[in-house]
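In what follows, a single structure is set out as structure tokens and then discussed.
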Ligand SMILES: NC(=O)c1ccc[n+]([C@@H]2O[C@H](COP(=O)([O-])OP(=O)(O)OC[C@H]3O[C@@H](n4cnc5c(N)ncnc54)[C@H](O)[C@@H]3O)[C@@H](O)[C@H]2O)c1
């Protein structure tokens, strides 16, 4: 139920733009994942035709099963790895390509570095070839991780900040993979005139995000631990900061950046700009779930950034987009969805 409400909220927020969704043919990579499956839901709701390519490495078929069952002809799922050159055999023409495919959870960086790096480099090049063939607009979902561990004087971080990344560090497969993906976008734009857009997404949470085991990202992990009454595991002393965007805000920002005219070649931060410590987040979640879980502090992972908060002025000005859902309201939605599952 929460997901339907969210999808309607995003569709309502996008209604007033001049885009004719019924005429749009969209290809989405990574469409069976957390963000991707929401985007598929919204595009189908708005009347677009969607082809979703996903290798189901970190995504789930159940995220899109209803779309497959109920929208024959309007929604097509192709199970395929975008690193594989056979992706180029897709012959359809597209108006827009949304390129989201990539594992994205910190715990996956250690286990699947080659897949992550090749998806964001070779996979991005293959996806750009499809855009070139269709003369489609293409959006790449990059990440706040391209900024690495930013110099505090650049927090909130604007898109112009060049980043502080260690190219051989444990997170480099993701950070440098995304930076290379951005470079591929810029190269195809320069050499072939492709209409590219890049969004650097900051921590997003909401229904469908994976909470399972070590892959869980911080919000679902804390919620899961609080609801079970298990210890809440905090890295370091919890003084590192993050900002948390609810799914509806992030998806609206991505779709605005992908579809609006006049923003070709641009890079946008998409995220919530309310910075807080991880310990503050843990306290809020414990309170909202009426939990008595204790806090347990463990070693900070290598390369964990000390501060993370976007400057979203550019998206506000050029996309007419600002984050609207505050953390308490977003957590309430998320916790109610988690409770629906139990
Ligand atoms: N959720 C966030 O907070 C966040 C923050 C920054 C950036 N992003 C970016 O947004 C995108 C989506 O993230 P998400 O949170 O939905 O993650 P997710 O893991 O839920 O979704 C990623 C999807 O890509 C698919 N995939 C991975 N490698 C693939 C490959 N080689 N070929 C085909 N499919 C492949 C996975 O199966 C999965 O369905 C990613 O590119 C991620 O880097 C997300």
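The values are calculated or read from the model by the stated rules, or taken from the named source; none is laboratory data. Computed from a prediction, not measured in an experiment: that's the story for all the values here. Positions of Cβ are backbone-derived with ideal geometry, glycine not excepted, and every protein chain shown enters the neighbour counts.
Test of understanding: among 217, 286, which residue is at pLDDT below 95 and more than 30 Å from residue 16 (Cα to Cα)? Write out each step before concluding.
Details: 286 fails: at pLDDT below 95.
That would be 217, the only listed residue that is at pLDDT below 95 and more than 30 Å from residue 16 (Cα to Cα).
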Looking at (1) touching a strand residue (DSSP E or B) at 6+ places or on another chain (Cβ under 9 Å); (2) without any contact (Cβ under 8 Å) to a residue 40 or more places away in the chain, which is the only condition residue 243 fails?
(2)
Only one of 154, 94, 109, 140 is under 30 Å from residue 300 (Cα atoms) and away from the ligand (no atom under 15 Å from the Cβ); which?
154
Return yes or no: is residue 155 closer than 24 Å to residue 235 by Cβ and surrounded by fewer than 23 Cβ atoms within 10 Å (Cβ to Cβ)?
yes
So, in the range 164-188, exactly how many residues are surrounded by fewer than 18 Cβ atoms within 10 Å (Cβ to Cβ) and assigned to a loop (DSSP other than H, G, I, E, B)?
5
Pull up the range 113-132, narrow it to residues that are in contact (Cβ under 8 Å) with a residue 60 or more places away in the chain and out of contact with any helix residue (DSSP H, G or I) (no Cβ under 6 Å at 6 or more places or on another chain), then point me to the one that is nearest to residue 195 (Cα to Cα).
131
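Show me the strands (runs of 3 or more DSSP E) found entirely inside the range 10-85 where at least 3 residues are within 16 Å of the ligand (Cβ to nearest atom) and crowded, with 19+ Cβ neighbours inside 10 Å. Outline the logic, then answer.
Numbers: elements: 25-29, 49-54, 75-79.
In the range 10-85, the matching strands (runs of 3 or more DSSP E) lie at 25-29, 49-54.
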